[in-house]
Amino acid sequence: MTTIEKIKLHGFKSFAKPTEISLEKSFSVFLGPNGSGKSNVADSICFVLGRLSSKSMRVEKASHLIYNGGKKNNPSKSAEVSIFFENSTKQFPIKTDKVKVTRIVNQSGNSIYKINDETRTRQQVLELLAAAKIDPDG
């Protein structure tokens with residue numbers, strides 16, 4: 001079974017500063033008060049896995065996923081999310097024991113996809129995920 005080791009977010013929705021969320025093998029729930037970012041973490045996972053529907057991530061368009069600065073801070077120039085998978089069982093057809101998938105969206109709404117820090121197309125990311133039985137739409 002494919003497992004997520006950690007998620008890194010920067011400039012994504014409410015995550016203005018670089019944030020790393022480590023997921024332990026027994027970790028199964030996000031807890032916190034209303035407005036603390038739980039749904040934004042779920043949206044970030046959908047985003048990095050290649051989901052195209054902005055509305056399913058609760059925004060009107062992709063550029064709205066970028067941290068807007070709120071009332072006191074400067075807005076981010078882009079939003080970046082990376083998800084790190086454990087690959088010791090080689091469910092992904094990659095020789096490394098870790099697989100990092102990254103998606104960056106800029107202010108014009110264009111996305112850049114990366115696999116292990118190498119730029120790839122969205123289709124290449126989807127094919128890699130499909131090999132591990134991961135569907136960005138659930």
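The values are calculated or read from the model by the stated rules, or taken from the named source; none is laboratory data. It should be emphasised that the depicted structure is a prediction, and the values quoted were computed from it without experimental measurement. When we count neighbours, we look across all protein chains shown, and the Cβ atoms used for this are built from the backbone with ideal geometry, even at glycine. Ligands, DNA and RNA are excluded from the accessible area calculation, which covers all protein heavy atoms including side chains. Shrake-Rupley method; radii C 1.70, N 1.55, O 1.52, S 1.80 Å.
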Positions within segment 87-113 being buried (at least 17 other Cβ atoms within 10 Å of the Cβ) and out of contact with any helix residue (DSSP H, G or I) (no Cβ under 8 Å at 6 or more places or on another chain), in sequence order:
Asn87, Lys100, Ile104
Determine whether Glu80 is acidic (Asp, Glu), more than 15 Å from the chain's Cα centre (by Cα) and surrounded by 14 or more Cβ atoms within 10 Å (Cβ to Cβ).
no
Please identify the pairs in which a residue from segment 38-54 that is within 14 Å of Thr19 (Cβ to Cβ) has its Cβ atom under 7 Å from the Cβ atom of a residue that is open to solvent by 40 Å² or more (accessible area, probe 1.4 Å), counting only partners at least 6 apart or on another chain.
Lys38/Phe30; Asn40/Ser14; Val41/Phe30; Asp43/Arg58
Quick one: Lys72 ticks every box in (1) out of contact with any Leu (no Cβ under 8 Å at 6 or more places or on another chain); (2) surrounded by 20 or more Cβ atoms within 10 Å (Cβ to Cβ) bar one, so which box is it?
(2)
Looking at (1) part of a strand (DSSP E or B); (2) open to solvent by 50 Å² or more (accessible area, probe 1.4 Å); (3) in contact with a Pro (Cβ under 8 Å, 6 or more places away or on another chain), find the lone condition where Leu9 falls short.
(2)
All but one of (1) modelled with pLDDT of 95 or more; (2) closer than 20 Å to Asp43 by Cα hold for Glu118; which doesn't?
(2)
